[in-house]
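Student: There's a structure below that I have some questions on.
No lab work stands behind these numbers, since they all come straight from the coordinates. Since the structure is predicted, the reported quantities are computational estimates derived from the model, not experimental observations. Glycine gets a Cβ as well: all are built from the backbone with ideal geometry, and neighbour counts include every protein chain shown.
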Amino acid sequence: MKKTLLYFLAGIGLLTMPAACVLTDDKDINQQCTQGCITVTGRFITEAGTRGIPDLPLELKWSNTGMLGGTRRQIATTKTDADGNYTFRFFAKDGELNSGRFSVSFNSHYPRETYVDLIYKYFTLYNLKRDTTVQVNFLIPKAGRLTLRLKNRDQVTEPNSLVVRVLYQEGYLSEKGLYESGGLDAARSDQATITAADNQWNYLEIYKFKDGKHTFARDSVFVPSGQTPVVELEY
């Protein structure tokens, strides 16, 4: 009985616990740096890096937060120029270099009607040191469309299966990370039109289970600007 009461009281305590408090400091935002400066520069690009993204609002901040709250300092704001270039030049405080993290976010006024809606609209800066320059180029694909069509879905009977994933590159150009935009599951439908990266290559991963055997294949398709290519698949 005592244990039950203790668990009940603990649950009440969690429900009534105040929300985590994050203290934000913006009094030195956009302060000019004269010595010991860190420079973060680069370019926001689209269409496989062939075009810059102009007038994208950016915010540089440092934060050290957790479940119980923390602190955040808004360091600077800027916008990309007509060709997608940006630069931050700032001074990092002693405690900031050894704890927390620096990040550049672009969540404010993000043009969702033009570009794919990224899950993470920021990038993190690691191991910053004074009197250094860091270059970060970041790819945000334009939103295109791609149709997957399975011609013989009637042959995909249990326990057989066919699943197709569509991926494209986004984010740091220094990494080869791919983002999954959607796909087709033959158990649900014989056709799917999904978001794809416009004017760049998209990659297909095809998982098949047939006659007791698992197979895996890769393919790719280029999505021209303003068009919706159709990829026909056969089980």
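Student: Show the residues, 5+ positions off or on another chain, whose built amide H is closer than 5 Å to the amide H of LEU125.
Tutor: For LEU125, the qualifying residues are PHE102, SER103, VAL104.
Student: Mind listing the lone cysteines of the chain, meaning no other Cys beta-carbon sits under 4.7 Å from theirs?
Tutor: Flagged as lacking a Cys partner: CYS21.
Student: In a shell of Cβ-Cβ distance under 10 Å around ILE45, excluding ILE45 itself, what net charge do Lys and Arg (+1) and Asp and Glu (-1) give?
Tutor: 0
Student: Moving on. Among TRP201, TRP62, rank each residue by its count of other Cβ atoms within 10 Å, from fewest to most, as a rough exposure measure.
Tutor: Ordered from fewest to most neighbouring Cβ atoms within 10 Å, TRP201, TRP62 come out as TRP201, TRP62.
Student: Evaluate E = 1/(1 + (r/R0)^6) for GLN32 and THR114, where r is the Cβ-Cβ distance and R0 equals 35 Å; express this FRET efficiency to the nearest 0.05.
Tutor: In this case the efficiency is close to 0.60.
Student: Dipole of the chain, Cα-centred, from +1 at each Lys and Arg C-beta and -1 at each Asp and Glu C-beta, to the nearest 20 debye?
Tutor: 640
Student: Can you give me the orientation-averaged projected area of the convex hull built on the Cα atoms of the chain, in nm²?
Tutor: 20.0
Student: In whole Hz, with x marking every Gly and Pro, tabulate ³J(HN,Hα) for the range 77-90 from phi via Karplus 6.51 cos²θ - 1.76 cosθ + 1.60, θ = phi - 60°.
Tutor: Couplings: 10, 7, 9, 5, 7, 4, 10, x, 7, 8, 8, 10, 10, 8 Hz.
Student: So for LYS121, LYS213, fewest C-beta neighbours within 10 Å to most, what's the order?
Tutor: Lowest count first: LYS213, LYS121.
Student: Take every Cα-Cα distance within the range 143-233, group them into 10 Å bins from 0 onward, and report for each bin the whole-number percent of pairs it holds.
Tutor: All Cα pairs, binned at 10 Å, distribute as 17, 47, 27, 9, 1 percent.
Student: So, one more: Could you give each residue of the range 38-43 its phi-based ³J(HN,Hα) in whole Hz, using Karplus coefficients 6.51, -1.76, 1.60 with θ = phi - 60°, and x for Gly or Pro?
Tutor: My calculation for the range 38-43 gives 10, 10, 10, 9, x, 8 Hz in order.
Student: Provide GLU59, GLU232 in ascending order of the number of other Cβ atoms located within 10 Å of each residue's Cβ, fewest first.
Tutor: So the residues, fewest neighbours to most, are GLU232, GLU59.
Student: Further question on the same structure: So what is the orientation-averaged projected area of the range 48-102, using the convex hull of its C-alpha atoms, in nm²?
Tutor: Hull-based average projected area comes out at 5.2 nm².
Student: Of the candidates ILE194, ILE75, ILE119, which one comes out as most mobile in a Gaussian network treatment of the chain with C-alpha springs shorter than 10 Å?
Tutor: Between ILE194, ILE75, ILE119, it is ILE119 that shows the largest mean-square fluctuation.
Student: Identify which of TYR110, TYR86, TYR168 has the largest mean-square fluctuation in a Gaussian network model of the chain, with springs joining Cα atoms closer than 10 Å.
Tutor: TYR110
Student: Looking at ASN98, TYR168, ILE75, which one has the Cα that reaches farthest to the positive end of the dipole of the chain (charges on Cβ: Lys, Arg +1; Asp, Glu -1)?
Tutor: Result: ASN98.
Student: Right, something else. List the residues whose amide H sits under 5 Å from the amide H of ASP25, counting only those 5 or more places along or on another chain, with H placed 1.01 Å from N in the peptide plane.
Tutor: Under 5 Å from the amide H of ASP25 lie the amide H atoms of ARG72, ARG73, GLN74, each far enough along the sequence or on another chain.
Student: Using every alpha carbon pair in the range 20-139, what percent of pairs falls into each 10 Å bin from 0 up to the bin containing the largest distance?
Tutor: Result, from short to long distances: 12, 44, 32, 11, 0 percent.
Student: Among LYS79, LYS129, LYS93, which one moves the most in a GNM of the chain with springs linking Cα atoms closer than 10 Å?
Tutor: Looking only at LYS79, LYS129, LYS93, the largest GNM fluctuation is found for LYS93.
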